[in-house]
């Protein structure tokens, strides 16, 4: 691939609620200037599998999708056409402007059609004119079984195996990839960023099975830190993101990473972790959500 990365930094942090624990942030937001975090890792092996053949990359996402943004950049770097199926009524966002400037063709689909894209593996072909074998479908968020291998490599970059590694969850693929990399050691604590996320247990098991890994169960999924649902960011959460950034100089957005670090703060205050526990919080990059809230104000 014409873009590569060095291991992302592991940054120790000290915040008042976490002084009883040893806390680090895996700064995957610094992996690449534009294709960063878990989106980079999830795309890596899916794109390598294409072996430089001329392909049109097709995927789906919302109007502030970190995945589509990363895919558009990756396609431009590889010299491959990209097409994005975007959820909802026609809307203009800075993220979609970026995608178009990078050559991605944007097509809006209704929410009903978007659900069908999730539920039926070949439904995307109904939306792509003259779709043929040169068109390669990447699922929502890049969350294919191949994605797990790219995420699992993250554990090889750590100087130690943490007692707990925390991650924000929407599709479950990054959490599943961390389980694959841990190989039964430590545990993963997933912070669901959307409501009614119990179904992620099934998704995690499915992805592990499809990728050829054991069905690891050394994880916990917290579903009580969604702050009202996906894309919801009440004032308390926004203020937390601002305060955290001022304290640590680590950028956050309220859709994923803000909810992750808010949960870490609250769980540490409640002394949920063991005394002296070593905790790594994975910063998954993807700051498009922050742009969305700036544009909305």
Taking the C-alpha atoms of segment 1-155, convex hull volume expressed per residue in Å³: 144
Antiparallel %, DSSP beta bridges [both residues in the chain], to 5: 10
Segments 80-89, 171-180, 56-65 sorted - mean Cβ within 10 Å per residue, highest first: 171-180, 56-65, 80-89
Neighbour-count order for 271, 39, fewest beta carbons within 10 angstrom listed first: 271, 39
Range of Cα positions in the chain per principal axis (Å), largest first: 59, 44, 34
Segment 134-213-segment 8-38 distance, computed between alpha-carbon centres (Å): 18
Ellipsoid equivalent to segment 165-297 - semi-axes via the Cα gyration tensor, in Å: 25, 18, 13
Peptide ranges 113-124, 181-192 listed from the most packed, as the mean C-beta count within 10 angstrom indicates: 181-192, 113-124
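Any read-out appearing in this document is the output of simple, stated calculations on the displayed coordinates, not a laboratory observation. If you're wondering where the values come from, they're calculated on a predicted model, not measured in any experiment. When we count neighbours, we look across all protein chains shown, and the Cβ atoms used for this are built from the backbone with ideal geometry, even at glycine.
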